[in-house]
Number of protein chains: 2
Amino acid sequence: MQKPSSSLRLVIVGGVAAGASAAARARRLSESASIILLERGPDVSFANCGLPYYVGGEIAQRAALAVQTPQTLKALLNLDVRTSTEAVAIDRPGKRVQVRSLGSGTTEWLPYDNLLLAPGAVPLRPALPGIDDARIFTLRSLQDMDRIKAAAVEAKRVAVIGAGFIGLEMAEQFVRLGKQVTLVELLDQVLPPLDKPMTLFIEDELRRHGIDLILGDGIESFDCGAALTCRLKSARRIEADLVVLSIGVRPDSALARDAGLALGPRGHIRVNEFMQTSDPDIYAAGDAIESNDLVTGDPASVPLGGPANRQGRLVADHIFAPTLAKPWPGLLGTAIVRVFDVSAGLTGWSEKRLRAAGRPYRTITVNDSQHAGYFPGAKPIILKLLWDPETGRVLGAQAAGLAGVDKRLDVLATALAGKLTIDDLAQLELAYAPPFGAAKDIVNLAGFAACNTRDGLVTPVETLQDDPNVQILDVRPPALVQSHPLPRPATANIPLAALRLRLGELDRSRPVVTVCALGKTAYFAARILAQNGFQVSCLTGGIRAHWDPRSPAKLPTP
Amino acid sequence: MQKPSSSLRLVIVGGVAAGASAAARARRLSESASIILLERGPDVSFANCGLPYYVGGEIAQRAALAVQTPQTLKALLNLDVRTSTEAVAIDRPGKRVQVRSLGSGTTEWLPYDNLLLAPGAVPLRPALPGIDDARIFTLRSLQDMDRIKAAAVEAKRVAVIGAGFIGLEMAEQFVRLGKQVTLVELLDQVLPPLDKPMTLFIEDELRRHGIDLILGDGIESFDCGAALTCRLKSARRIEADLVVLSIGVRPDSALARDAGLALGPRGHIRVNEFMQTSDPDIYAAGDAIESNDLVTGDPASVPLGGPANRQGRLVADHIFAPTLAKPWPGLLGTAIVRVFDVSAGLTGWSEKRLRAAGRPYRTITVNDSQHAGYFPGAKPIILKLLWDPETGRVLGAQAAGLAGVDKRLDVLATALAGKLTIDDLAQLELAYAPPFGAAKDIVNLAGFAACNTRDGLVTPVETLQDDPNVQILDVRPPALVQSHPLPRPATANIPLAALRLRLGELDRSRPVVTVCALGKTAYFAARILAQNGFQVSCLTGGIRAHWDPRSPAKLPTP
């Protein structure tokens, strides 16, 4: 039997996103509960997603990141906040947790009715030769941030190892500070959660800003002389005055493991749909947990602030108002990054994940502007959609571009939550006025293109095959054909407006791939050819998917 | 039996959004069909939503609005486009439509297998005294636009009658041109589809830009001397050199009516879920039709470009690929307008519509920033949510603010399409990085607040009652209390951080309403009071809902 909430004792380990959210919601549900918030670091409830931006000065005031203190949380929420305090052991039968003050070294046992583990995740710092050099940093806390910012004052050359979300944000901010930046990524692409074609705009943008981008290479060791030299697996050497390691995180789950709680294969704390661990009196939330994927129900972990906050809140609901608590719907992994003028992100499953999992899928890529092309300020955006071939249900989406990326990701995350299909996307009634959208938004276009693919109206291909039997029909206007030649010369260059009259230039007995800049005109051409007896497919997304989004892809008026 | 599509004759009446979309999709589905596109005006497929922006010069090139011509549509889509040609009669038994050339006056009968009526809507121009003065304009075509732009060169004083979407866009553009603008609206609010509290930001923005805004007054007559004088119902007189009437539209459905097709009560052409009229060989799409509401299934008409385009496309599907055609899901009426720096819009049902229809609903209003408050450029946004009290299903939403309004409307339109509930909104996993969103997006906050209301954790009120028995507790910081006094003095001003210590200042036997700037702190206070035995409610949306969004609503660090 649960104790009445009037006297319930909740102890929370970890005072940032999930922990602080749980504490605040708990207090709103129970004025009389005892709520103790333990934090190993000196700060609670700080804005950890903002750390890179203070390093680069885009966020000017450090105080903007650390609004709450133990004192304000006492005053506002009547919380017992203990910073610089580490939870070192859990006595599950005795329902108490042992804590140690990092200042005094003293320990004590705190009794709990419910315990929440919200320890977060630790940046990976592999035991490479030279790794302990003081010029090599990871970024998790405000103190990490302060150290990097201080070291950056004198540094001229910065190496960022790992081109995930944080690595990209740090690289951008170091350029902002005028540093000479090298960005190293082990995979052959930036932004590992995305499919490579959708990351090319970010690559271009990094290089355009003078970043030396090294893909497909990893850090092997550091030579720590007067200069710090990063030795890569390729034997390439990079000299740097400051190194930031952003190669991933691991769940900070030692306390849970030592207490015998069930962990997932990569050390995450396993939880049910109410965030209960294998001990129902002990909850876990945030970056350290493994819950389930919203689309497939498979185990999943997403170390991001949004889910952490909402998971913490759900824990408080389940403890203090169990009849009101709604089960966790699962994780999508929605994420976005801004790199100078370009942004990119994803929601749900990527093609590489689907392929690795052996799940059936189909995919298309579409190009458009973020709002009506006739309104000033129209900027390119590209959207990739993945769906289930049997049901048409959307499985995931990726977007990149110069504007409107966040909006489309949010629409598609909502579509995933609603289990919408490609037919539903085609019919979404989104807000249209010229400054904001288009009569057919790119999300509608993606729905149209996906339905056309499913219905056999078009056969998309993702690359231009080398097969010499395949005829490549380039329907771009001549100026664009000249300025942006295809990787393989086209069999014929026929603008769409002339295609019906010039079908004789193509061999009806050999397959054709139609190509244009954005994918739309090539689709129109493919429809003409298909109805004239050709075996035809169409380069999805056009050739822009492989080039700088600023290139003159748009067809002039025909 | 339908004829094989190889020889099918499709005649389309109306060549703008729905008609042009249908023609283009039809050609992609059938290279061999005969497709005739009739347009009464001289232009086809022009960007009618862009017209106000060319008048004001924000769109600089007229050609940007009129990309296609009969010649380009012939070349690209092999369409037989006949502009300046009016359809005057339909012979349904004979399956032919009579057309008249407006140039030569000659008529002919065109046979059809399928006919699509996409005639659009006509701006209302009531038979008021003086209405035929040449200085009084409505805006539908490129020629209307040209005439207004020409007249605006000399005009100093402009009156815009009607403060709906087009009226607001025109008023903004006339200010851009340096005109002295009066905007008159019969209702006591701008943007009639929205609930009044959500339109106050637009009102402020109009006045801030020097527009003389007259609400609750209508046009009665015009005195047409050397000066043009608008006489209002209130007897107020406005002198103007140019008047734009934007008081609504009526469906251009005379042809359908004369042909005996079923019309709705306001003259719209009734269609089924495949856009078929009461004659299954005759389709209708766009501004002239009545289809159904997505939320309730009731008859609905929405004269906007997005639905028109997609309806036209669906017509072509149903004619040329009937097995692929998916039924129309219904209309949401998603719409948005930009007025200088503020934007506002809605999707689904408003409170006034729900109230008028006698449908049960509940509602809350929340305030936040468009992205993390700690990141530079955070700007206020306000969101109103309506939901079904029994199922929790979202019924509608409205948003206004300085940034991010379009994104939230699109997320909520997608939520409506997915029949999501307030619990689903609370758990949406939207894209968060500091430049784009927040760990708890305002859509999540709206979900939280709605669930809290449903679950009895808070009782929202929309206005401060005059009842002297009710205690008003103002929890804003003292500086804000001084600078922005409440309409009725508070019983007590107690900042949240001091509330637990100062509960004695309130009378436990009398009800309390808590008030703050944004609604959030007042909710926190209400939770403390409720748990201490008070009967408490909370002003939803805070007092900012009644003031300029630029006012210093945000609580400084406590």
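Rule-based calculations on the coordinates, nothing more; no lab input. All values reported here derive from a predicted model rather than from experimental measurement. Virtual Cβ from ideal backbone geometry, glycine too; neighbours counted across all protein chains shown.
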Looking only at other chains, what is the average number of their beta-carbon atoms within 10 angstrom of each beta-carbon in A:400-411?
5
Under the Karplus curve 6.51 cos²θ - 1.76 cosθ + 1.60, θ = phi - 60°, whole-Hz ³J(HN,Hα) for the range B:470-476, x wherever Gly or Pro sits
7, 8, 9, 9, 9, 9, 6
Would you mind ranking B:S104, B:S141 by Cβ crowding within 10 Å, fewest neighbours first?
B:S104, B:S141
Please express the Cα-Cα pair-distance distribution P(r) of the range B:1-145 as a list of whole percents, one per 5 Å bin, running from 0 to the bin with the greatest distance.
2, 9, 17, 18, 18, 15, 10, 6, 3, 2, 0
Measuring from label point to label point, each 7 Å out along Cα→Cβ, what is the A:D146 to B:R237 span in nm?
7.3
Under the rule a/c < 1.5 gives rounded, and otherwise a/b versus b/c splits prolate from oblate, where does the protein assembly as shown land using the Cα gyration tensor?
oblate
Can you tell me, using C-alpha contacts under 8 Å and at least 6 residues apart, the relative contact order of the range A:317-415 as a whole percent?
27
Relative contact order computed over the range A:371-494 (Cα-Cα under 8 Å; 6+ residues apart), in percent:
20
What's the percent breakdown of Cα-Cα distances in the range A:363-489 across 5 Å bins, shortest bin first?
2, 10, 18, 19, 17, 15, 11, 6, 2, 0
Ratio of Rg to Rh over the range A:85-156 (Cα coordinates, Kirkwood Rh, two decimals):
1.14
Given H placed on each backbone N at 1.01 Å, which residues far from A:A155 in sequence or on other chains put an amide H within less than 5 Å of it?
none
Cα centroid separation, the range B:212-241 to the range A:412-474 (Å):
50
Kindly provide log₁₀ I(q)/I(0) values, in the same order as q = 0.15, 0.21, 0.26 Å⁻¹, from the Debye equation applied to equal alpha-carbon scatterers of the range B:28-98.
-0.66, -0.97, -1.13
With one decimal in nm and the nearest listed first, the spacings from B:R393 to its own position in the other copies, using label points 7 Å along Cα-to-Cβ, are 2.0
Going by a ≥ b ≥ c, the root eigenvalues of the Cα gyration tensor, does the range B:242-382 fall in the rounded group (a/c under 1.5), the prolate group (a/b larger than b/c) or the oblate group?
prolate
May I ask you to sort B:I269, B:I364 by Cβ crowding, counting other Cβ atoms within 10 Å and putting the fewest first?
B:I364, B:I269
In degrees, nearest ten, helix B:165-176 long axis to first principal axis of chain B (Cα):
80
For B:T463 and B:R508, FRET efficiency with R0 = 22 Å and r from the beta-carbon atoms, rounded to 0.05?
0.40
Phi to ³J(HN,Hα) by Karplus 6.51 cos²θ - 1.76 cosθ + 1.60 over the range A:302-317, Hz, x for Gly, Pro:
9, x, 9, x, x, x, 4, 4, 6, 5, x, 4, 5, 4, 4, 4
Each residue of A:322-335 has, on average, a number of other protein chain C-beta atoms within 10 Å of its C-beta equal to 3
Please report the relative contact order for the range B:46-163, taking Cα pairs under 8 Å with a sequence separation of at least 6, and give it as a percent rounded to a whole number.
20
I'd like the distance between the alpha-carbon centres of the range B:124-176 and the range B:51-71, rounded to an integer number of Å.
17
For the protein assembly as shown, give the share of DSSP beta bridges that are antiparallel, in percent and rounded to the nearest 5; count only bridges with both residues there.
55
Ratio of alpha-carbon Rg to the 2.2 N^0.38 Å globular estimate for the range A:8-58, to two decimals, please.
1.38
Where the label is 7 Å out from Cα toward Cβ, how close does B:I131 come to the same position in every other copy, in nm, shortest first?
8.1
With +1 assigned to the C-beta of every Lys and Arg and -1 to the C-beta of every Asp and Glu, and no other charges, what is the dipole magnitude of the protein assembly as shown about the Cα centre in debye, to the nearest 20?
80
What share of the DSSP beta bridges in the range B:1-120 is antiparallel, in percent to the nearest 5?
50
Built amide H within the under 5 Å cut-off of A:G248, gap 5+:
A:L124
Is chain B best put as rounded, prolate or oblate by its Cα gyration tensor, with a ≥ b ≥ c the root eigenvalues, rounded for a/c under 1.5, and otherwise prolate when a/b is larger than b/c, oblate when not?
prolate
Karplus-derived 3J(HN,Hα), 6.51/-1.76/1.60, for each residue of the range A:507-524, Hz, glycine and proline x:
8, 5, 8, 10, x, 10, 10, 8, 9, 8, 6, 10, x, 7, 5, 4, 5, 4
Once amide H atoms are built 1.01 Å from N in the peptide plane, which residues 5 or more positions from A:I90, or in another chain, come under 5 Å H to H?
A:Q98
Run lengths n ≥ 4 of DSSP H only: what is the helix-derived mean residue ellipticity at 222 nm for the protein assembly as shown, with -39500 (n - 2.57) per run over all residues, to the nearest 500?
-7500 deg cm²/dmol
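Partner chain Cβ atoms within 10 Å, averaged over the residues of B:434-445 - can you pull that number for me?
Shielding by partners across B:434-445 averages 6.
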Can you list the distances in nanometres, one decimal and ascending, from the A:R92 label point to the identical position in each other copy, with the point 7 Å along Cα to Cβ?
7.5
Which Cβ of chain A lies nearest the axis of the rotation superposing A onto B, and at what whole-Å distance?
A:G418, 1
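Counting other C-beta atoms within 10 Å, which of A:K379, B:K440 has the fewest, and how do the rest follow?
A:K379, B:K440
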Taking the simple approach of a point 7 Å from Cα along Cα-to-Cβ for both A:Q531 and B:R208, what is their distance in nm?
5.1
